[in-house]
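The values are calculated or read from the model by the stated rules, or taken from the named source; none is laboratory data. All figures in this text were calculated on a predicted structure; none of them were measured in a lab. A quick note on method: Cβ atoms are made from the backbone with ideal geometry, for glycine too, and the neighbour counts reach across all protein chains shown.
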Amino acid sequence: MTASAILLVIGGGVIAEVVVFFLLRALLGLSGKAGAMAVGLLALLVYVPWAILAWPGADIFAIHLAIYLTVAYALGMVGGSVGRQWHWAPALIVGFFVVVIATNVVFLGVAEQGITGVFARLLPEPRGAEVADSRFPGTVSHDFQKKEALYNDYLQQVE
């Protein structure tokens, strides 16, 4: 599963949770905490069977589950205090996690596709090629002989 696909599934799930939460509040008149509990359980009931059938890996499963349940919890916090002023401490925590998630989205995009657009102009001019490649090069082999062969190939390219 590529980073873009992961972000698309997570983003779609978060948007679906928010929409279902507000529909439950408007149509059924549930309180914020009850709506959040229903949304969290619904996310579990939908995502866990789907993940079992199309297993993405334990790390991807954990990321999805953590984000879906955190969004449900945040909706319960926000939905429970409608009409009252929000304390600065929860607002600061929510703001911090929004910044962390936005930063990780940028890192995933750069690792998968490289730097494009206006930000590509900030990179220095490439010496040997016309276009600088800023994508993540991939994993490094733990095999000593393979590392040595890759390093020797690199030295031949540089010389």
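Yes or no: the range 129-136 includes at least one residue that is among the polar types (S, T, N, Q), outside any helix (DSSP H, G or I) and at pLDDT below 80. Yes - at least one qualifying residue is present in the range 129-136.
Does Leu30 satisfy being surrounded by 12 or more Cβ atoms within 10 Å (Cβ to Cβ), within 15 Å of the chain's Cα centre (by Cα) and without any contact (Cβ under 8 Å) to a residue 24 or more places away in the chain? For Leu30, the condition - surrounded by 12 or more Cβ atoms within 10 Å (Cβ to Cβ), within 15 Å of the chain's Cα centre (by Cα) and without any contact (Cβ under 8 Å) to a residue 24 or more places away in the chain - is not met. Among the residues of the range 47-72, those identified as modelled with pLDDT of 90 or more and of a type in the set (Phe, Trp, Tyr) are Tyr47, Trp50, Tyr68. Each residue in the range 73-87 was checked for being modelled with pLDDT of 80 or more and of a type outside the set (A, V, I, L, M), and 2 pass.
Scanning the range 38-50 finds no residues that are under 15 Å from Asn104 (Cβ atoms), surrounded by 12 or more Cβ atoms within 10 Å (Cβ to Cβ) and either among the β-branched types (Val, Ile, Thr) or over 21 Å from the mean Cα position of the chain (by Cα) (or both).
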